Amino acid sequence: MSVGIQKQTCRPWHIQRAGLWLVLALGVLGVRVQAEETIYPGASWSHVEPSQLGWSSEKLDAARAYADSIDTEAVMVVVGGRVLDEWGPTDRRFNVHSIRKSLLSALYGIHVADGEIDLSKTMKQLGIDDNEPSLSEEEKKARLGDLLKARSGVYHPALYETQAMKARRPKRGSHAPGTFFYYNNWDFNVLGTVFERQCKNCIFRDFAERIAEPIGMQDFRVEDGAYVTGADSVYPAYPFRMTARDMARFGLLFLRGGRWEGDQVIPTDWVRESTTSYSDAGDRGGYGYLWWIAVDGRHLPGVELPDGSYSARGAGGHYILVVPEYDLVIVHRVNTDHPLRRVSSDEFGKLVGLILAARPTGS
């Protein structure tokens with residue numbers, strides 16, 4: 001199979017930025033915010049001493065020591081909108097891999113609210129087909145909302161799949177649209193193409209304009225996106241390269257219900273809907289709109305997380321973990337530019353357990 005990675009070349013489309021001022025209480029999301037103030041980073045992140053919040057520096061040191069024993073490259077631990085601890089090159093760009101999907105989900109929320117995207121549209125109505133073997137009439141009944149939940153029922157070969165994903169792909173026609181969850185790169189890649197067609201903007205420019213700039217990302221550039229093309233499908237993947245400190249801002253944006261300072265960047269309803277589970281994902285909990293969701297404590301091996309927690313995940317051990325119950329965001333990076341470096345879900349689960357062990361006693 002021939003696969004090409006192309007630096008993005010966004011088409012010169014222009015989208016007028018719409019104000020999304022929604023006066024909604026963050027409490028409906030179960031977001032815990034300090035009563036006296038809601039803290040956001042300015043031009044750079046502010047830091048807080050663990051002891052000021054009752055966290056144990058010694059136990060955080062133990063978490064760092066464990067991270068040093070595996071292939072962890074960088075970590076950020078954000079509590080209450082400030083950096084509690086960080087180590088490694090948090091200002092270095094790495095491929096986020098499948099975290100691209102959660103980034104796209106956020107953009108969908110903005111444009112659905114603006115009326116530019118209709119999730120009830122079918123593949124047939126949207127003019128979606130693929131190379132041979134092309135889509136059947138039944139497969140073309142899949143709705144855009146089904147793709148956001150990874151429930152399209154379309155099992156056409158897709159680009160940017162791991163070998164494990166290819167091995168698990170169901171047989172064509174084995175499940176009707178909307179009836180079965182399968183983590184499907186065909187769904188995710190088509191979502192990217194539909195987004196660009198409907199919004200008349202490239203994903204990376206739109207992300208810069210609608211999210212990166214409003215929340216003050218320090219490092220993200222439009223050229224940090226690329227398209228991956230190949231023979232298996234006509235729909236390219238759209239990987240991002242991003243720093244840990246910018247990913248932490250994205251996690252905090254969701255933790256704050258889509259709000260940044262006085263700006264409702266992502267609709268609050270969308271944050272709630274996209275981080276609600278619609279499918280049983282086994283030991284990972286559940287799956288929302290391109291987010292993994294904690295259900296009955298199931299989310300990561302070896303650690304029980306409160307319901308309402310959720311994560312974006314990328315191959316090799318990239319994570320944005322959001323725990324609203326603890327007002328916490330954890331970002332984990334691996335140098336997957338090196339093909340032999342990876343952190344397993346078991347290892348990351350152990351690291352999260354060690355970080356949480358540093359929380360104030362009785363909290």
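The test for being farther than 26 Å from residue 197 by Cα, touching a residue at least 24 places away in the same chain (Cβ under 8 Å), touching a helix residue (DSSP H, G or I) at 6+ places or on another chain (Cβ under 8 Å) and assigned to a helix (DSSP H, G or I) holds for residue 246.
Quick one: which of 109, 145, 115 is under 24 Å from the mean Cα position of the chain (by Cα), on the phi > 0 side of the Ramachandran plot and of a type in the set (Gly, Ala, Ser)? Lay out the reasoning, then the answer.
Working: 109 fails: on the phi > 0 side of the Ramachandran plot; 145 fails: on the phi > 0 side of the Ramachandran plot.
Only one candidate qualifies: 115.
For the range 117-128, a residue qualifies if it is surrounded by 14 or more Cβ atoms within 10 Å (Cβ to Cβ) and either free of Cβ contacts under 8 Å to residues at least 12 places away in the same chain or under 19 Å from residue 174 (Cβ atoms) (or both), and exactly one does: 123. Can residue 93 be described as more than 20 Å from residue 150 (Cβ to Cβ), in contact with a helix residue (DSSP H, G or I) (Cβ under 8 Å, 6 or more places away or on another chain) and among the basic types (Lys, Arg)? Judged against the criteria, residue 93 is a match.
Taking the range 130-142, which residues are surrounded by 15 or more Cβ atoms within 10 Å (Cβ to Cβ) and closer than 26 Å to residue 230 by Cβ? If you could, list the steps in order and put the result at the bottom.
If we filter the range 130-142 for residues that are surrounded by 15 or more Cβ atoms within 10 Å (Cβ to Cβ), which is where we start, we get 130, 135, 139-142.
The answer is 130, 135, 139, 140, 142.
Of the helices (runs of 4 or more DSSP H) lying entirely inside the range 80-153, the ones with 1 or more residues being over 22 Å from residue 237 (Cβ atoms) are found at 99-113, 123-126. A count restricted to the range 253-267 and to residues that are outside any loop (DSSP other than H, G, I, E, B) and over 13 Å from residue 103 (Cα atoms) stands at 5. If the condition is being in a helix (DSSP H, G or I) and of a type in the set (D, E, K, R), then the range 214-241 contributes 223, 224. If you go through the range 162-192 and pick out every residue that is over 19 Å from residue 288 (Cβ atoms) and touching a residue at least 60 places away in the same chain (Cβ under 8 Å), you end up with 1. List pairs: first in the range 87-100 and on the phi > 0 side of the Ramachandran plot, second among the hydroxyl-bearing types (Ser, Thr, Tyr), Cβ under 9 Å, 6+ apart or cross-chain? From residues that are on the phi > 0 side of the Ramachandran plot, the pairs are 88/72; 97/160; 97/336. Scanning the range 83-122 for residues that are of a type in the set (D, E, K, R) and closer than 17 Å to residue 320 by Cβ returns 85, 86, 91, 92, 93, 100, 101.
Could you tell me how many of the residues in the range 154-179 are in a loop (DSSP other than H, G, I, E, B) and over 21 Å from the mean Cα position of the chain (by Cα)? Give the steps one after another, and end with the answer.
To start, the set of residues in the range 154-179 that are in a loop (DSSP other than H, G, I, E, B) comprises 154-162, 169-179.
Applying the additional criterion that residues be over 21 Å from the mean Cα position of the chain (by Cα) yields 154-157, 169-179.
Within the range 154-179, residues that are in a loop (DSSP other than H, G, I, E, B) and over 21 Å from the mean Cα position of the chain (by Cα) number 15.
Over 19 Å from residue 195 (Cβ atoms) and in contact (Cβ under 8 Å) with a residue 24 or more places away in the chain: is that true of residue 263 in this structure? Answer is yes for this residue.
If the condition is being of a type in the set (Val, Ile, Thr), over 15 Å from the mean Cα position of the chain (by Cα) and either over 27 Å from residue 63 (Cβ atoms) or at pLDDT below 95 (or both), then the range 258-314 contributes 265, 268.
Looking across the range 188-213, the residues that are outside any helix (DSSP H, G or I) and crowded, with 17+ Cβ neighbours inside 10 Å come down to 201, 202. For the range 217-227, taking the residues that are in contact (Cβ under 8 Å) with a residue 60 or more places away in the chain and in contact with a Lys or Arg (Cβ under 7 Å, 6 or more places away or on another chain), the one that is surrounded by the fewest Cβ atoms within 10 Å (Cβ to Cβ) is identified as 223.
The values are calculated or read from the model by the stated rules, or taken from the named source; none is laboratory data. Computed from a predicted structure; not experimentally measured. Cβ sites come from the backbone with ideal geometry, for glycine too, and all protein chains shown count toward neighbours.
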